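Since the structure comes first, as structure tokens, the remarks are kept for the end.
The values are calculated or read from the model by the stated rules, or taken from the named source; none is laboratory data. Because the structure is a prediction, the values reported are computed rather than measured. In this analysis, Cβ positions are derived from the backbone assuming ideal geometry, glycine residues included, and neighbour counts consider all displayed protein chains.
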Amino acid sequence: MSRSAHLGRPSSPGTLRPVHAFLIVNPSSGDGGPDELLAAARERGIETHVLRDGDDLSEVARSAEADALAMAGGDGSLAVVAEAALERDLPFACIPFGTRNHFARDVGLDRDDPIAALDALVDGRETRIDVGRANDRLFLNNVSLGVYARLVQRREHHRRRRDAFARLRALGTVVTHRHGLGLTVDGERIEARVVLVSNNAYALDVLSIGEREPLDEGALPLYVLHGVLRFGWDDRSGESFTIDARGVRLHAAVDGEPELLETPIRFTIERQALRVLLPRGPGA
């Protein structure tokens, strides 16, 4: 069975040609700037908006006059535009233009070819996938609590300071942090240094989190990493659960971006809620 056969349920047969596609571009993402991507979008008749200082990404997506929304940026910005598309019942397209592009990988796009992904907006096929929520915050990939979330928070702080030595010092502090999080899951106490909640299941091995294949199964897995060194994951899965902690807020990484989430955090899954456009060509 092909990779795309696992991705999601087709929402309508045949080729989808949106009348008016609207692409938002984060110019600080990617390597070498957005000029080539913007030229390719113009050739395809796709309206573009390049984010400027002071732009509210959510507002830009919500106010765009369009029949389909797309985002060229990293994983963190995708969820913002996806939420606007979901609210407006518009199809959404991911254009891989960030550092990691985990969502693009998991929907089967070539992460090194953002221009090919533009074809989803002119000759695409539509499918539906699940989205997760942490309280009201939508996520496409996962939410991490614990050591990794602390690292993301510190990375963001020191990136703004552009202090490489401070970033290394922050990494050392996080790695040697050995205290548990003091969390409960549906009232049950757990001891862990990392907790990860994902939108459908990842392929796991002892040392790492891999890819997701199905994105429409309505699964909300919770992974718990124990110990100072990485030596194993415990996991469970459901359609919803609540994580609580001693503090009123928890540092989190939501799709790789730093967030402060109010506790208790109610995690839910919305099955096949998001309409996603993908290219129809080979390799999509």
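Results for (1) assigned to a helix (DSSP H, G or I); (2) modelled with pLDDT of 95 or more; (3) in contact with a helix residue (DSSP H, G or I) (Cβ under 8 Å, 6 or more places away or on another chain); (4) over 16 Å from PRO34 (Cβ atoms), shown as yes or no for each residue.
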position: GLU59; (1), (2), (3), (4): yes, yes, no, yes
position: ARG62; (1), (2), (3), (4): yes, yes, yes, yes
position: ALA66; (1), (2), (3), (4): no, yes, no, yes
position: GLY76; (1), (2), (3), (4): yes, no, no, yes
position: GLU87; (1), (2), (3), (4): yes, yes, yes, yes
position: CYS94; (1), (2), (3), (4): no, yes, yes, no
position: ARG100; (1), (2), (3), (4): no, no, yes, yes
position: PHE103; (1), (2), (3), (4): yes, yes, yes, yes
position: ASP112; (1), (2), (3), (4): no, no, no, no
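Table: residues versus (1) surrounded by fewer than 24 Cβ atoms within 10 Å (Cβ to Cβ); (2) more than 13 Å from the chain's Cα centre (by Cα); (3) outside the structural domain of SER29 (by TED's automatic domain parsing).
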| site | (1), (2), (3) |
| --- | --- |
| GLY54 | yes, yes, no |
| ALA64 | yes, yes, no |
| MET71 | no, no, no |
| GLY74 | yes, no, no |
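Screening GLY33 with (1) farther than 22 Å from GLY132 by Cα; (2) touching a Cys at 6+ places or on another chain (Cβ under 7 Å) gives one miss only, at (2). For GLY187, the stated conditions do not hold, so it cannot be described as more than 15 Å from the chain's Cα centre (by Cα), at pLDDT 90 or above and surrounded by 14 or more Cβ atoms within 10 Å (Cβ to Cβ). Taking the stretch 243-284 as the region of interest, the strands (runs of 3 or more DSSP E) fully inside it that hold 2 or more residues being aliphatic (A, V, I, L, M) and at pLDDT 95 or above are 265-279.
One residue stands out among those in the stretch 114-165 that are modelled with pLDDT under 90 and of a type in the set (Phe, Trp, Tyr): the one that is surrounded by the fewest Cβ atoms within 10 Å (Cβ to Cβ), which is PHE165. On the stretch given as the stretch 55-79, residues that are in contact (Cβ under 8 Å) with a residue 40 or more places away in the chain and not hydroxyl-bearing (Ser, Thr, Tyr) total 15. Of all residue pairs spaced 6 or more apart or on separate chains, those with beta-carbon atoms under 9 Å, a first member in the stretch 242-267 that is closer than 13 Å to GLY146 by Cα and in contact (Cβ under 8 Å) with a residue 60 or more places away in the chain and a second member that is surrounded by 16 or more Cβ atoms within 10 Å (Cβ to Cβ) and among the aromatic types (Phe, Trp, Tyr) are ILE243/PHE267; ALA253/TYR148; VAL254/PHE139. LEU204 meets the conditions (1) within 21 Å of VAL185 (Cβ to Cβ); (2) modelled with pLDDT of 95 or more in every case but one. The failed one is (2).
Looking at this structure, is ALA84 under 25 Å from SER144 (Cβ atoms), in contact (Cβ under 8 Å) with a residue 40 or more places away in the chain and crowded, with 18+ Cβ neighbours inside 10 Å? If you could, list the steps in order and put the result at the bottom.
Numbers: under 25 Å from SER144 (Cβ atoms): yes; in contact (Cβ under 8 Å) with a residue 40 or more places away in the chain: no; crowded, with 18+ Cβ neighbours inside 10 Å: yes.
For ALA84, the condition - under 25 Å from SER144 (Cβ atoms), in contact (Cβ under 8 Å) with a residue 40 or more places away in the chain and crowded, with 18+ Cβ neighbours inside 10 Å - is not met.
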